[in-house]
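Okay, structure first, notes after.
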Amino acid sequence: MNAIWLVALPLLGAFLLPIIYRRSTMLGYWTGPFILLVNLAIAFEIWRSITPEQGPHSIAMGGFKAPLGIVFYVDKLALLFIIMVVLGTLILWLGNKIGKIREETLLLLIVGGSCGLALSGDLFNIYVFYEIVAVASYGLAASRGTGAGYAASLRFLILSALGSSLLLLGIALIYAVTGTLNLSHLAELAPEHLNNTVGLVAFALMLIGLGVKAELFPINTWVPEVYATAPPRVSALLGGIISKLALLVILRFLVLIYADNTEAHLLLLNLGILGVISGELAALRATDLRQVLAYSSIAQLGLVAIAFAIPGPAGIMAGTALALHHAIVKPALFMFIEAWGGQLSRLAGAAKVSMLNSILFLVLTLSLVGIPPLPGFWAKLLLLKGALALENSWYIFAIAIVLIATVIETAYFIRIARLMFQHDKPEKPVSALESRELAPALALLGLLLFSALAVGPIGKSLTAVASEAADKNVYIEHTSPVFHESFKSSTKP
Amino acid sequence: MTIEETAWIYILSYSGALGLILLGIIGMVISRHLIRIILGLMLLEAGVNLFLITIGYRANGVAPILVDGQVPAAIMVDPIPQALVLTAIVIGVAVQALALALVVKTYKAYGTLDTQELAEKIAQESGTRIVDGIPVSLPVPATRQLVEEKSA
Amino acid sequence: MNLREITSLIFIFGLGFLLYAVLKTLPYGEIVTGIGPVILDRAPEEVGTANIVASVLLAYRGLDTLGELTVLFVAATAIGLVLGQRRPDTPYDPEAGFILRSAADLLFPFLIVVGAYIILHGHLTPGGGFQGGAILAAAFFIPLLASPASSLNHHVSSLIEGLAGAAFIIIGLIALFGKEYFLAPLFGTGEVGELFSAGSLPLLYLAVGLKVGAELAGLLARLSETEASD
């Protein structure tokens, strides 16, 4: 199965969706979930077809060999993130009102753009798919229709467009120095051409560009406003799922182009540490559930950034585990916003209103903090083990920050839990979740518990995925079949 | 033209691009008027596009177009940055159009285009107060504390 | 805010200095490892367009062009979502004077011809789908500026937009079934410099031009129909 279907199908569906909707509303409503299901099936099929002997493969677009044409690199790490995006969007699609043509078009386009972003092996192609995801997210962030929503989305747009221009500037710098845009070709050229100031400046510029979506410090000022004013499903999608894709792209750059560049890794590490500190401290001060979730999201993404800044398979494994875990827990927590949003004091006595909701919330936050045997504990343990193995003082400092952050997280979540199980009720108590919000939350909880039970097999397959993705020679080797003869280096077979 | 003369083309073009980029970023950061911020964004994008195009220039190069089916005798400039800039310009236009639509809706909702006034109006609306640039929820009615703060 | 302005200015000057230092080290002229010269050599036989930039846009990096179309589509959809439908009772802006109205009516056929020429000759001369599409959009928008009461038919424009975009992807999928590669050029290369050359590339440019024209016209019409205050 050709992986291009993962991109072509959602785009085709999005282009035709307004026309289909005009024919029949029900047909239009079910087109979206149908396309997502087909995408999921294709992704699983391709996953199965990547055997350990054969390994990942590359697809040349248009039949033109790399680096003249664009190449898609299909490996298990990319497929893992694609499955996360498609499954997450599918779960968040449950219970959507019928007839919202434009929101559904934007959702399909975000999925198509994310699949392309994960698979692409060409710098400028990554930029184009990143822009698809970004512009769709501006539209979705403003989809609630309130004035505050427009202002927050505008602020997000301005910051993100600034970042995208800097990303393009970084790509231009790399092209100016090496003359090529293909990631595999750059992986070969990087040690001689990009291991200097130009390379580091290009990386910093690209990091700012991708960091807006990845909620890196200091370009994450858009997060609290957008999460407060966007519909909860959109915030769940943006913060829980799309941000991980931006981090995946940063990881690819680090592994392929900046493999031996310690300054690049340290830059990401420091930004991750700052994100964790600022996120947790702000969450401690927050008095509104939306803000707690927003700042906690920033902190968790800082953890993933720290994990990806650890060179080698251990870092990739920890980062992927943290990313997947957060992608399950945060959207589920965001389902609570509609009913439980607002002042934290309103949450008092929530257990009396609905015990099921309170227990659900409690389990999710326990996993977020990292209490065994829930998956969050394993993910954080992987991060600590990976950072400890490096014996670099900066990484030891990062471990200390992560531990302090866990303590702070426990503090404010215990505060919320105590409020929930209190006995007195405030004047305006919270209401129970409706079924259209409860269903996705329960589905995500099911996934979480399943992964808690299947920790062993999941760990083994994650190890395989990480070791495949961590070695840039694997990447170069598996893209060489689609390489043009005049560019193959003399050292290749 | 000799190599030294073509070097001046590069220098002027790169400096122009750098100047536009810096002007754009400065405009975006310092302005308080939404339209000026968007104009700064346009300058920034123009600067990046100019930078990208300059990369493709070759000394004494001609356009990469075959006239009468013949490859031109002189050296042709690099076609890749031209294709990249085409895409980047279209993407920039799309983002700017969306930005302007959002500005129109924000103006309809709040009646002002000044970022500081907007922040205060939004904060008042949601019952929060801006502390160190971060909105903080208030447990009491917003207006009373704002008045107290102004008089303090 | 003053502290923030000062720190931002310091950051910007630091960035400027850093970029200047970087620019001083950039190579002038040809790069040995670059792909530009190889494409310049191979494009005429492999793709067959006289305009090599068109061969880069549609053949070598056709997926980027598809992405670009998608970004425009996303922006148009998002603008439709943000601005919403036009309320039927809102008053139109007043009509422009006689000179502007007649000039707009006179310009309309010329703009259509120029736009169509640029789209169809995109693989021979500078131009192509996006540029021609923008001119087509202007052709439909200038009469709207002159007499705002004659509104654009949004149904037709969104129908053209969706179908043209789908046509681009479907041509790519046909290539996938026929030649095992998505967006591979079909129908051979023909003779360089003829109107009917370069295989399926003029068809792709036609789809791009129609899509961009319909999209930009609808976008501009929607922006002009929105009143600034309630």
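Summary of computed values
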item: The range A:1-54, residues that are over 29 Å from C:K179 (Cα atoms) and among the aromatic types (F, W, Y); result: A:Y21, A:Y29, A:W30
item: Counted residues, the range A:1-52 - those being among the polar types (S, T, N, Q) and part of a loop (DSSP other than H, G, I, E, B); result: 3
item: Test result for A:V85, at pLDDT 95 or above, within 17 Å of the chain's Cα centre (by Cα) and part of a helix (DSSP H, G or I); result: no
item: Residue count for the range B:19-53, restricted to those that are of a type in the set (S, T, N, Q) and either surrounded by fewer than 22 Cβ atoms within 10 Å (Cβ to Cβ) or assigned to a loop (DSSP other than H, G, I, E, B) (or both); result: 1
item: Residue list for the range B:69-104, restricted to those being surrounded by fewer than 16 Cβ atoms within 10 Å (Cβ to Cβ) and in a strand (DSSP E or B); result: B:Q70
item: The range C:158-187, subset within 19 Å of C:G48 (Cβ to Cβ) and aromatic (F, W, Y), residue nearest to the other protein chains (Cβ to nearest Cβ); result: C:Y181
item: Test: C:L201 is crowded, with 18+ Cβ neighbours inside 10 Å and within 12 Å of chain B (Cβ to nearest Cβ); result: no
item: Given (1) free of Cβ contacts under 8 Å to residues at least 40 places away in the same chain; (2) surrounded by 24 or more Cβ atoms within 10 Å (Cβ to Cβ), number of the condition A:G121 does not satisfy; result: (1)
item: Checking A:H326 against (1) part of a helix (DSSP H, G or I); (2) in contact with a Phe, Trp or Tyr (Cβ under 9 Å, 6 or more places away or on another chain); (3) not small (G, A, S), the condition it does not meet; result: (2)
item: Residue check for C:L223: under 24 Å from the mean Cα position of the chain (by Cα), surrounded by fewer than 21 Cβ atoms within 10 Å (Cβ to Cβ), of a type in the set (A, V, I, L, M, F, W, C) and within 12 Å of another protein chain (Cβ to nearest Cβ); result: yes
item: Matching option when the condition is of a type in the set (A, V, I, L, M, F, W, C), surrounded by fewer than 19 Cβ atoms within 10 Å (Cβ to Cβ) and over 30 Å from B:G111 (Cα atoms), among C:F187, C:F140, C:F168; result: C:F187
item: Some residue of the range C:97-106 being at pLDDT 80 or above, assigned to a loop (DSSP other than H, G, I, E, B) and away from chain A (no Cβ under 12 Å); result: yes
item: Residue within the range A:21-41 that is over 28 Å from A:I250 (Cα atoms), surrounded by fewer than 23 Cβ atoms within 10 Å (Cβ to Cβ) and at the interface with chain C (Cβ under 10 Å from one of its Cβ atoms) present; result: yes
item: Total residues in the range A:67-79, condition in a strand (DSSP E or B), within 9 Å of chain C (Cβ to nearest Cβ) and aliphatic (A, V, I, L, M); result: 0
item: Selection count where residues are buried (at least 22 other Cβ atoms within 10 Å of the Cβ), closer than 15 Å to A:I416 by Cα and among the hydroxyl-bearing types (S, T, Y), scope the range A:300-355; result: 0
item: Cβ pairs under 7 Å, 6+ apart, first in the range C:195-214 and in contact (Cβ under 8 Å) with a residue 24 or more places away in the chain, second aromatic (F, W, Y); result: C:G199/C:F187; C:S200/C:F187; C:L204/C:F168; C:A207/C:F168; C:V208/C:F130; C:V208/C:F168; C:V212/C:F130
item: Pairs, first among the small types (G, A, S) in the range B:80-97, second outside any helix (DSSP H, G or I), C-beta under 8 Å, six or more apart; result: B:A83/C:R61
item: Qualifying residues in the range B:105-129 (those that are aliphatic (A, V, I, L, M) and touching a helix residue (DSSP H, G or I) at 6+ places or on another chain (Cβ under 7 Å)) - the one surrounded by the fewest Cβ atoms within 10 Å (Cβ to Cβ); result: B:L113
item: Which numbered condition C:A116 fails, given (1) modelled with pLDDT under 90; (2) among the aliphatic types (A, V, I, L, M); (3) in a helix (DSSP H, G or I); result: (1)
item: A:L140 modelled with pLDDT of 90 or more and closer than 26 Å to C:S8 by Cα; result: no
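Let's see how each residue does on (1) of a type in the set (F, W, Y); (2) more than 28 Å from C:L124 (Cα to Cα); (3) facing chain C (nearest Cβ under 8 Å); (4) touching a residue at least 60 places away in the same chain (Cβ under 8 Å):
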| site | (1), (2), (3), (4) |
| --- | --- |
| B:H33 | no, yes, no, yes |
| B:L41 | no, yes, no, no |
| B:T54 | no, no, no, no |
| B:A63 | no, no, yes, no |
| B:D68 | no, no, yes, no |
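Rundown of residues vs (1) within 30 Å of A:D471 (Cβ to Cβ); (2) touching a strand residue (DSSP E or B) at 6+ places or on another chain (Cβ under 6 Å); (3) at pLDDT 90 or above, yes/no style:
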| position | (1), (2), (3) |
| --- | --- |
| A:A228 | no, no, no |
| A:S235 | no, no, no |
| A:I242 | yes, no, yes |
| A:L248 | yes, no, yes |
| A:L251 | yes, no, yes |
| A:T287 | no, yes, no |
| A:Q300 | yes, no, yes |
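The values are calculated or read from the model by the stated rules, or taken from the named source; none is laboratory data. What you are looking at is a predicted structure, and each value in this text was computed from that prediction instead of being measured. Using ideal geometry, Cβ is built from the backbone for each residue, glycine included, and neighbour counts are taken over all protein chains shown.
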